[in-house]
Amino acid sequence: MERRLKPVDITRIKEMANRLVANINRVIVGKSEAIRLVLVALFCEGHVFIEDVPGIGKTMLAKATSKSLDCSFKRIQFTPDLLPSDVTGIYYFNQKNSEFEFRPGPIFSNIVLADEINRATPRTQSCLLEGMQERQVTVDVETMLLPQPFMVIATQNPVELEGTFPLPEAQLDRFLLRVRLGYPDSDEEKAILTRFQEENPLDSLEPVIKAKELVEFQKMCRRVYVEESVRNYIITITQATRNHKGIKLGASPRASLNLYLSSQALAAIDGRNYVIPDDVKHLAVPVLAHRTIVKAETGIRGHSAETVINEILDKIPVPLEETT
């Protein structure tokens, strides 16, 4: 028998989500939707890929999220000379006790910021794959578990691509969703100037949730009810990306699972113990677009993966609640 979330549990999740959003909003101006998407990933044990132009707050959003959690945090600045061992850690010879000891790398943290991830070589990028998917890393012949919770927030600039290494599809598929911030409007930019005039609000940001609580909420989100017609709706959407004439590479089964889990988390954050089709529609582009590759002729006609997925959503009938 399926265990559904109790109303009291849903209330706790919604209240905590609101506290996190309010805390991060002290630093990030006018990006509540992007913050909600990051929280969706956080509550369903996913990773976030933040892609946008320089200077609009990608790294700031990642730092504000980490400081709102009472968890360990490490930042990795990806550069062409970064080695896999700089991420995972190394064994070194301790002359005091004449033994080899393991020095853990920055990946052994609850929140890992992979800043400008496309500037590192594919060999270094790939060292994140095992950690992101299996929550463990293998160094030499020993496999070590990563701490819980564990989340990778990667940033990438879509400009200045000379000398960079685009992420392979296998690694992009490990990210639960892609977030884009966009430029602020004039009022938001004025608020940014005022807020950062005297000091950086990030310096005084305090955590509002402990790691143990977060792990508990992550387990709760898995119990949000998903009706059969909504499950079929998710499958129909992902299947459509594989059969669309304008798409070269459609969404994987992992994408279907991620759309399912993220819809559960979004429902819980919104205070519901059940998923509705609007949750799925809301998350379809952030979850599926970066896993989908359009054909060359589709791109020439000005259609991106986002526009194609929106076309698919427009064509697929939304399941309606049955009435008696």
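The single condition among (1) outside any strand (DSSP E or B); (2) in contact (Cβ under 8 Å) with a residue 24 or more places away in the chain; (3) hydrophobic (A, V, I, L, M, F, W, C) that LEU193 does not satisfy is (2).
Looking only at residues of segment 84-107 that are touching a Lys or Arg at 6+ places or on another chain (Cβ under 8 Å) and over 14 Å from ILE153 (Cα atoms), we find that the one that is surrounded by the most Cβ atoms within 10 Å (Cβ to Cβ) is PRO84. Going by what's in this entry, would GLU216 be described as within 22 Å of THR65 (Cβ to Cβ), assigned to a helix (DSSP H, G or I) and out of contact with any Leu (no Cβ under 9 Å at 6 or more places or on another chain)? Criteria met by GLU216. Counting only residues that are among the charged types (D, E, K, R) and within 21 Å of GLY131 (Cα to Cα), segment 52-69 holds 1 of them.
Look at THR11 and say whether it is within 30 Å of GLU227 (Cβ to Cβ) and hydroxyl-bearing (Ser, Thr, Tyr). Break it down stepwise before answering.
Working: within 30 Å of GLU227 (Cβ to Cβ): yes; hydroxyl-bearing (Ser, Thr, Tyr): yes.
The answer is yes for THR11.
Going by the structure shown, is ILE209 touching a strand residue (DSSP E or B) at 6+ places or on another chain (Cβ under 6 Å), assigned by TED's automatic domain parsing to the domain that holds ARG19 and at negative phi? Criteria met by ILE209.
Can you tell me which residues in segment 129-166 are more than 21 Å from PHE108 (Cα to Cα), in a loop (DSSP other than H, G, I, E, B) and at pLDDT 85 or above? Walk me through how you get there before you give the answer.
Initial filter on segment 129-166 (more than 21 Å from PHE108 (Cα to Cα)): 156-166.
Narrowing the set further to residues that are in a loop (DSSP other than H, G, I, E, B) leaves 157-166.
Answer for segment 129-166, where residues must be more than 21 Å from PHE108 (Cα to Cα), in a loop (DSSP other than H, G, I, E, B) and at pLDDT 85 or above: just PHE165.
Residues checked against (1) out of contact with any strand residue (DSSP E or B) (no Cβ under 8 Å at 6 or more places or on another chain); (2) within 25 Å of SER109 (Cβ to Cβ):
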position: LEU172; (1), (2): no, yes
position: LYS190; (1), (2): yes, no
position: PHE196; (1), (2): yes, no
position: GLU216; (1), (2): yes, yes
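Comparison of ARG231, ARG242 shows that the only residue that is more than 17 Å from ALA17 (Cβ to Cβ), outside the structural domain of LEU69 (by TED's automatic domain parsing) and more than 22 Å from the chain's Cα centre (by Cα) is ARG242.
Please indicate, with yes or no, whether at least one residue in segment 292-301 is modelled with pLDDT under 95 and within 15 Å of GLU227 (Cα to Cα). Reasoning before the result, please.
Keep residues of segment 292-301 that are modelled with pLDDT under 95, which gives 292-301.
Subsequent filtering for residues that are within 15 Å of GLU227 (Cα to Cα) retains none.
No: segment 292-301 contains no residue that is modelled with pLDDT under 95 and within 15 Å of GLU227 (Cα to Cα).
For segment 219-249, a tally of residues being closer than 16 Å to PRO277 by Cα, of a type outside the set (D, E, K, R) and not in a strand (DSSP E or B) returns 11. Of the residues that sit in segment 145-168 and are touching a strand residue (DSSP E or B) at 6+ places or on another chain (Cβ under 7 Å) and touching a residue at least 40 places away in the same chain (Cβ under 8 Å), which one is surrounded by the fewest Cβ atoms within 10 Å (Cβ to Cβ)? Checking each candidate, the answer is PRO158.
If you filter segment 283-295 down to residues that are in contact with a strand residue (DSSP E or B) (Cβ under 8 Å, 6 or more places away or on another chain) and among the aliphatic types (A, V, I, L, M), you find that the one that is nearest to LEU176 (Cα to Cα) is VAL287. Any residue that is buried (at least 23 other Cβ atoms within 10 Å of the Cβ), acidic (Asp, Glu) and either touching a helix residue (DSSP H, G or I) at 6+ places or on another chain (Cβ under 6 Å) or more than 15 Å from VAL308 (Cα to Cα) (or both) - is there at least one of those in segment 275-287? Yes, some residue in segment 275-287 is buried (at least 23 other Cβ atoms within 10 Å of the Cβ), acidic (Asp, Glu) and either touching a helix residue (DSSP H, G or I) at 6+ places or on another chain (Cβ under 6 Å) or more than 15 Å from VAL308 (Cα to Cα) (or both). Applying the set (1) crowded, with 16+ Cβ neighbours inside 10 Å; (2) within 24 Å of ALA255 (Cα to Cα) to GLU33 leaves exactly one unmet item: (1). Determine whether ILE293 is surrounded by fewer than 22 Cβ atoms within 10 Å (Cβ to Cβ), touching a Leu at 6+ places or on another chain (Cβ under 9 Å) and β-branched (Val, Ile, Thr). Against the criterion (surrounded by fewer than 22 Cβ atoms within 10 Å (Cβ to Cβ), touching a Leu at 6+ places or on another chain (Cβ under 9 Å) and β-branched (Val, Ile, Thr)), ILE293 qualifies.
The values are calculated or read from the model by the stated rules, or taken from the named source; none is laboratory data. Worth saying up front: this structure is predicted, and the values here are computed from it rather than measured. When we count neighbours, we look across all protein chains shown, and the Cβ atoms used for this are built from the backbone with ideal geometry, even at glycine.
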